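Colleague: Pasting a structure below so you can have a look.
The values are calculated or read from the model by the stated rules, or taken from the named source; none is laboratory data. Everything numeric in this text was worked out from a predicted model, so none of it was measured. Methodologically, a virtual Cβ is constructed for each residue, glycine included, from the backbone with ideal geometry; neighbour enumeration extends over all protein chains shown. Heads up: the accessible areas ignore ligands, DNA and RNA and are worked out on the full protein's heavy atoms, side chains in. Shrake-Rupley method; radii C 1.70, N 1.55, O 1.52, S 1.80 Å.
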Amino acid sequence: VYLTADIASEDLALVTDAIGGMRTLIVTTPTVAHLHGKQIFSALRQQGEDVSLLVLNCTERNKTMEQVERVCAEALRLGLDRRAVLLAMGGGVVTDIVTISASWIRRGITTIRIPTTLIGQVDAAVGIKGAVNFQGRKSYLGCFYAPASVFIDPSRLSTLPDQHVRDGLAEIIKIALVRDSHLFDLVERYSGPVRESRFAQPDDVGREIIWRSVLRMLEELESNIFEDQTYMRLVDMGHTFSPALEAATGFTLSHGEAVAIDIALTCAVAACLGSMTAHDRDRVIAAIQEVGLPLNHAALTPDLCRRALGEATRHRGGALNLPLPAAIGEATFLRKLADLPASVLSESLQWLQARSVAGSAGRATPAVSSAVHAGA
Ligand SMILES: NC(=O)c1ccc[n+]([C@@H]2O[C@H](COP(=O)([O-])OP(=O)(O)OC[C@H]3O[C@@H](n4cnc5c(N)ncnc54)[C@H](O)[C@@H]3O)[C@@H](O)[C@H]2O)c1
Ligand SMILES: [Zn+2]
């Protein structure tokens, strides 16, 4: 995984080295093709690389096997064989589709990723997983298949809409909270200018935030890369209540917003249990609000939380394994469902409700606007 400067000019050689003279199919989406893809495609062509471009109209709604088949069909049409490269350029949707395609073609061809969203750069493109949705189930079909190289070029974020920047910042707060207090300090201090400038300002802080997030993510994944060693995963922070919440809102809440609410609730639980100080909890709450992410949503009911905890327990080998902050940058686990009494959950939900209302007094925070939206 490389942190690069401009991938279409000064760091183009890193990509050509990774391609190593093999025939290459770049897969991207219409938006990314227009903003970045064609530029990188032309730069590679000018270097004499044998590259083709497939622009695939793929979104979360159609992240399905049909898209994988489209990529495979184009690879076949171009006569790509074992010595060939599938290069994914775009957000997590396209890197997921390409990862599966690359694992299938001739039982595995080289794949390279150039993530262009913040979630892609700090999360989706960093691991070795790929997945598509199947019969209404999110990420039901997938594989573990490592990319040969991942090129993270933060300058590509210059065109990213604010909503997607906020979503990525939720994942950055997640990893900072469980692993890296210095990263948390940076987010706390600089999230305003970083968000505004799309990680270009101030100076190298934006790049440092991205790179530290990537390193912590890699460290967390390394010892459990196939997720078969342990169900105790710190990177599950923010991903216990959020799947049910996203689904309950009909996906009107974005992934990052749901993750932020999940983190806020988990910190409230941690403070209620005495695992985390109220001071640290409040720092996390303030950081989430500063980024413009919500703390709460009308759909976050005790019933939804209980269902989510049950689902997480099933998913995590029969134990809850809820990452629980102990301080900023440190976390433990709440191992069993019984360790989370109903009274603690309801007290935490009430606290969060009161806190998000108090926080929104005098300004329309997303917490209030999404609650109104859900109520409507
Ligand atoms: N495999 C994994 O380990 C893993 C981990 C996390 C998330 N994911 C998956 O990633 C997906 C979410 O990824 P995402 O948030 O990147 O969403 P996404 O791929 O849908 O991209 C979001 C939007 O941003 C646009 N876009 C991309 N780069 C841009 C740029 N530089 N400028 C302007 N617009 C740009 C895209 O066209 C798209 O409309 C989900 O499907 C999720 O399941 C996978
Ligand atoms: Zn996530």
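Colleague: How many residues does region 177-214 contain that are within 16 Å of ligand 2 (Cβ to nearest atom) and open to solvent by 10 Å² or more (accessible area, probe 1.4 Å)?
Modeller: Number of matching residues: 1.
Colleague: Check region 147-164 and report whether any residue there is open to solvent by less than 30 Å² (accessible area, probe 1.4 Å), within 11 Å of ligand 1 (Cβ to nearest atom) and among the basic types (Lys, Arg).
Modeller: Yes, region 147-164 has at least one match.
Colleague: So is Tyr231 away from ligand 1 (no atom under 16 Å from the Cβ), in contact with a Lys or Arg (Cβ under 7 Å, 6 or more places away or on another chain), at negative phi and of a type outside the set (D, E, K, R) or not?
Modeller: So Tyr231 fits the description; yes.
Colleague: Name the residue that is most open to solvent (accessible area, probe 1.4 Å), counting only residues in region 234-262 that are among the aliphatic types (A, V, I, L, M) and more than 16 Å from ligand 1 (Cβ to nearest atom).
Modeller: So the residue we want is Ala248.
Colleague: Being open to solvent by less than 30 Å² (accessible area, probe 1.4 Å), among the hydrophobic types (A, V, I, L, M, F, W, C) and touching a residue at least 40 places away in the same chain (Cβ under 8 Å): is that true of Leu141 here?
Modeller: Against the criterion (open to solvent by less than 30 Å² (accessible area, probe 1.4 Å), among the hydrophobic types (A, V, I, L, M, F, W, C) and touching a residue at least 40 places away in the same chain (Cβ under 8 Å)), Leu141 does not qualify.
Colleague: Also, quick follow-up: When region 307-330 is examined, which residues are found to be open to solvent by less than 20 Å² (accessible area, probe 1.4 Å) and in contact with a strand residue (DSSP E or B) (Cβ under 8 Å, 6 or more places away or on another chain)?
Modeller: Result: Leu309, Ala312, Leu320, Asn321, Leu322, Pro323, Leu324, Pro325.
Colleague: Regarding Ala299, is this residue within 19 Å of Val357 (Cβ to Cβ) and surrounded by fewer than 24 Cβ atoms within 10 Å (Cβ to Cβ)?
Modeller: Yes: the conditions hold for Ala299.
Colleague: Any residue at all in region 285-308 that's in contact with a Leu (Cβ under 8 Å, 6 or more places away or on another chain) and under 16 Å from Ile328 (Cα atoms)?
Modeller: Yes - at least one qualifying residue is present in region 285-308.
Colleague: If you check Lys174 against the conditions, is it within 13 Å of ligand 2 (Cβ to nearest atom), in contact with a helix residue (DSSP H, G or I) (Cβ under 9 Å, 6 or more places away or on another chain) and open to solvent by 20 Å² or more (accessible area, probe 1.4 Å)?
Modeller: The answer is no for Lys174.
Colleague: Now for a different question. Considering region 158-203 alone, what residues qualify as being in contact (Cβ under 8 Å) with a residue 40 or more places away in the chain, assigned to a loop (DSSP other than H, G, I, E, B) and over 21 Å from Thr332 (Cβ atoms)?
Modeller: Correct list: Leu160, Arg198, Phe199, Ala200.
Colleague: Is there a residue in region 59-78 that is closer than 29 Å to Asn224 by Cβ, more than 16 Å from ligand 2 (Cβ to nearest atom) and surrounded by fewer than 21 Cβ atoms within 10 Å (Cβ to Cβ)?
Modeller: Checked against the condition, which is being closer than 29 Å to Asn224 by Cβ, more than 16 Å from ligand 2 (Cβ to nearest atom) and surrounded by fewer than 21 Cβ atoms within 10 Å (Cβ to Cβ), region 59-78 yields at least one hit.
Colleague: Then there is this: Quick one: how many residues across region 106-122 are free of Cβ contacts under 8 Å to residues at least 60 places away in the same chain, touching a helix residue (DSSP H, G or I) at 6+ places or on another chain (Cβ under 6 Å), outside any loop (DSSP other than H, G, I, E, B) and open to solvent by 20 Å² or more (accessible area, probe 1.4 Å)?
Modeller: Residues flagged as free of Cβ contacts under 8 Å to residues at least 60 places away in the same chain, touching a helix residue (DSSP H, G or I) at 6+ places or on another chain (Cβ under 6 Å), outside any loop (DSSP other than H, G, I, E, B) and open to solvent by 20 Å² or more (accessible area, probe 1.4 Å) within region 106-122 amount to 0.
Colleague: Is it the case, given these coordinates, that Asp6 is at negative phi, assigned to a loop (DSSP other than H, G, I, E, B) and either out of contact with any strand residue (DSSP E or B) (no Cβ under 7 Å at 6 or more places or on another chain) or more than 13 Å from ligand 1 (Cβ to nearest atom) (or both)?
Modeller: When the stated conditions are applied, Asp6 passes them.
Colleague: Give the residue, chosen from Ala125, Ala102, that is within 16 Å of ligand 2 (Cβ to nearest atom) and open to solvent by less than 20 Å² (accessible area, probe 1.4 Å).
Modeller: Criteria check complete, one pass: Ala125.
Colleague: Take Leu265 and tell me if it is open to solvent by less than 20 Å² (accessible area, probe 1.4 Å), away from ligand 1 (no atom under 15 Å from the Cβ) and in contact with a Phe, Trp or Tyr (Cβ under 8 Å, 6 or more places away or on another chain).
Modeller: Judged against the criteria, Leu265 is a match.
Colleague: Now for a separate question. What tally of residues in region 75-105 results from selecting those that are outside any loop (DSSP other than H, G, I, E, B) and of a type outside the set (Val, Ile, Thr)?
Modeller: Counting residues in region 75-105 that are outside any loop (DSSP other than H, G, I, E, B) and of a type outside the set (Val, Ile, Thr) gives 15.
Colleague: Take His182 and tell me if it is in contact with a helix residue (DSSP H, G or I) (Cβ under 9 Å, 6 or more places away or on another chain) and over 16 Å from Val122 (Cα atoms).
Modeller: Against the criterion (in contact with a helix residue (DSSP H, G or I) (Cβ under 9 Å, 6 or more places away or on another chain) and over 16 Å from Val122 (Cα atoms)), His182 qualifies.
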